[in-house]
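Below is one structure, written out as structure tokens, with a few remarks after it.
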Amino acid sequence: MESGCTGGVNRDHTGDTPFPAEGLKEMLDVSMTYKQAYNEVLVDSAVYTSNLPHSIAAFYYGLLPNEGNSTWSKVQTTAMYVAFLDHYNLTESQVPLVEFALDNPDNHGMLTDVSGGARKFVKAHPYGYALKKWREENPELSEHPEKIHIELRMQADMRRKASHEASAAIVGKTEAKGVKADAKVVKAVVKPAPKAVVKPAPKAVVKPAPK
């Protein structure tokens, strides 16, 4: 309960110092700054279990990029959600099932309550079939489930690295454009003014006075 994970969101930004229990708000604030970082919250299992079902506020899927359209992620979460409701005799209005849409936030908002269609979805997508397919696609993780969190952490680190590189590239392009713009300004400043063309004054025409 005291060590936490290394890497991702940490109090000293070095990956070595996890946030204490009273620093939950600070951790969440930092997480919003480093959105590509991997983080986790350690919960006292005894307290968590003794407070069920109230320990759970909602079920969700689609929080990781490209996960929203993943059949496995949706099937697994929805199946657990329906089983949870049935076990504790709860309704969909008491505990929601939330779908995150990080890849398509303009379709129906950043997150959507999909509780109403959970039972219909589970009936149409048997959990056993999805589990079999996931095991076939991830044989190493299937045989060693204790490595799943390590894999998730590695994927998060790769996303964070890619995000930082993309941000650095954008900054570099912006700075390059700024340098070019400054060069144009300098050229405009030092450009010699055009020479004035002095035209000779017209000669006066002197008419002889009348006799």
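Worth pointing out:
- Glu40 under 23 Å from Ile148 (Cα atoms) and modelled with pLDDT of 65 or more: yes
- Counted residues, the stretch 45-82 - those being at pLDDT below 90 and assigned to a loop (DSSP other than H, G, I, E, B): 9
- Residue, nearest to the chain's Cα centre (by Cα), within the stretch 1-33, restricted to residues that are more than 18 Å from His149 (Cα to Cα), part of a loop (DSSP other than H, G, I, E, B) and at pLDDT 65 or above: Phe19
- Residue among His144, His108, His164, His125 that alone is surrounded by 11 or more Cβ atoms within 10 Å (Cβ to Cβ), modelled with pLDDT of 80 or more, over 14 Å from Thr78 (Cβ atoms) and not basic (Lys, Arg): His144
The values are calculated or read from the model by the stated rules, or taken from the named source; none is laboratory data. In this text, all values refer to a predicted model and were calculated from it rather than measured experimentally. Note that each Cβ is placed from the backbone with ideal geometry, even for glycine, and that neighbours are counted across all protein chains shown.
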